[in-house]
Amino acid sequence: MKQQCISCGGIFDDVQRDGMQYFHACPPLSVAELKAAIVAKTLTFTAAAQAAYDAAKAADVASPPAAGTSSRVDAFLFGLNVDRPNKRDENIVPPTDASKPATIKSAGKGVQPAPAGSDVGATAV
Ligand SMILES: [Zn+2]
């Protein structure tokens, strides 16, 4: 059944085409999401990351990227790998007590049935 992750908006099938179960884990924040977080002041850099970000910004100003190429700021942000708030991770955590059920790493904001028409891009067989 198609599900939509409420944390990241990702749509996925809980069973893959080969019959294996799929355990969703939210991807890290995208470059666009990181830029929005910087503007909203919800992303805090370490001192070293702030220095690297400032250096990338200064380098972009001093030598603007050619059309169609990534800026140094984009390249820096792409490499940050920042987890989103309320990240969902369905990978299994084994129980410490055999009488208890296994749990997922993090529920995040949960999942909901995927909206109708979300099969766009699926391969027909
Ligand atoms: Zn997700």
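Quick note: the coordinates plus some simple rules give every number you see, no bench work behind them. Because the structure is a prediction, the values reported are computed rather than measured. No Cβ is skipped: glycine too gets one built from the backbone with ideal geometry, and neighbour counts run over all protein chains shown.
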Filtered residues of region 1-32 (kept if outside any strand (DSSP E or B), aliphatic (A, V, I, L, M) and out of contact with any helix residue (DSSP H, G or I) (no Cβ under 6 Å at 6 or more places or on another chain)) = Met1, Ile6, Met20, Leu29, Ala32
Consider Ala67 against the criteria (1) under 23 Å from the mean Cα position of the chain (by Cα); (2) exposed (fewer than 14 other Cβ atoms within 10 Å of the Cβ): it satisfies all of them except one. Which criterion is unmet?
-> (1)
Residue that is nearest to Ala49 (Cα to Cα), among those in region 78-106 that are of a type in the set (Asp, Glu) and surrounded by fewer than 15 Cβ atoms within 10 Å (Cβ to Cβ) = Asp83
Single residue of Pro65, Pro115 found to be closer than 15 Å to Gly10 by Cα and either among the hydrophobic types (A, V, I, L, M, F, W, C) or part of a loop (DSSP other than H, G, I, E, B) (or both) = Pro115
Just checking, how many residues over region 1-40 are more than 12 Å from the ligand (Cβ to nearest atom), small (Gly, Ala, Ser) and under 19 Å from Ile92 (Cβ atoms)?
-> 1
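Kindly establish whether Leu43 is surrounded by 11 or more Cβ atoms within 10 Å (Cβ to Cβ) and away from the ligand (no atom under 16 Å from the Cβ).
Yes; evaluated as a whole, the condition is true for this residue.
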Name the one entry in Ser99, Ser106, Ser70, Ser63 that is within 16 Å of the ligand (Cβ to nearest atom) and of a type in the set (Ser, Thr, Tyr).
-> Ser106
Residue count, region 33-54, condition more than 13 Å from Arg84 (Cβ to Cβ), part of a helix (DSSP H, G or I) and not aromatic (Phe, Trp, Tyr), comes to 10
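May I ask you to list the residues in region 1-40 that are among the aliphatic types (A, V, I, L, M) and surrounded by 14 or more Cβ atoms within 10 Å (Cβ to Cβ)? Walk me through it before giving the result.
Step one: of region 1-40, the residues among the aliphatic types (A, V, I, L, M) are 1, 6, 11, 15, 20, 25, 29, 31-32, 34, 36-40.
Passing the criteria: Ile6, Ile11, Ala25, Leu29, Val31, Leu34, Ala37, Ile38.
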